[in-house]
Amino acid sequence: MTRLETPFASDGDLIIIEGIVTGPLGITSGRFVLDTGAVMTTMSPELADLLGYSARDGIKCARVRTAIGTEDGYVLAVAEFAALRCPKPRFHVHVFDLGYDDIDGLLGLNFLRELNYEVRSAERRILVEPIEAAAGS
């Protein structure tokens with residue numbers, strides 16, 4: 001299996017990963033927090049707007065419960081989402097306000113579940129092995 005390596009930045013105690021998202025208006029990158037407590041990957045409404053998406057493009061409405069309350073948003077299938085050197089076409093994300101100006105989203109378990117990953121904090125890098133090809137064998 002191929003092992004891929006991605007450096008990460010930290011912002012306080014947060015691990016920041018670059019996410020690259022494709023939408024109707026093009027491709028842009030954003031700052032995503034690696035969040036193993038998030039069931040779904042999340043993107044801010046501002047990033048969705050920048051890419052040409054709106055709530056009208058949503059698959060369904062969504063309500064997310066967080067430690068600070070409940071947020072209303074929607075689920076969106078973006079054309080492609082890539083992080084940790086692994087692209088995912090027609091990838092589902094939650095879209096809702098995260099309350100941070102410098103964070104564009106959360107990289108959640110719906111992305112991570114098809115990867116074996118190792119966070120090497122002292123080295124500021126993440127090692128990943130995609131497992132989706134192995135699952136089909």
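The values are calculated or read from the model by the stated rules, or taken from the named source; none is laboratory data. All figures in this text were calculated on a predicted structure; none of them were measured in a lab. Using ideal geometry, Cβ is built from the backbone for each residue, glycine included, and neighbour counts are taken over all protein chains shown.
Name the strands (runs of 3 or more DSSP E) wholly inside region 42-96 in which the number of residues that are basic (Lys, Arg) is 3 or more.
The qualifying strands (runs of 3 or more DSSP E) are 60-66.
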Out of the residues in region 68-120 that are under 15 Å from the mean Cα position of the chain (by Cα) and among the basic types (Lys, Arg), which is surrounded by the most Cβ atoms within 10 Å (Cβ to Cβ)?
-> Lys88
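Glu129: touching a residue at least 60 places away in the same chain (Cβ under 8 Å), charged (D, E, K, R) and in a strand (DSSP E or B), yes or no?
Criteria met by Glu129.
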Residue selected from region 95-112 under the condition at pLDDT 95 or above and not aliphatic (A, V, I, L, M), by the criterion farthest from Glu18 (Cα to Cα) = Asn110
Residue in region 11-41 that is surrounded by the most Cβ atoms within 10 Å (Cβ to Cβ), counting only those that are in a strand (DSSP E or B) and more than 16 Å from the chain's Cα centre (by Cα) = Asp11
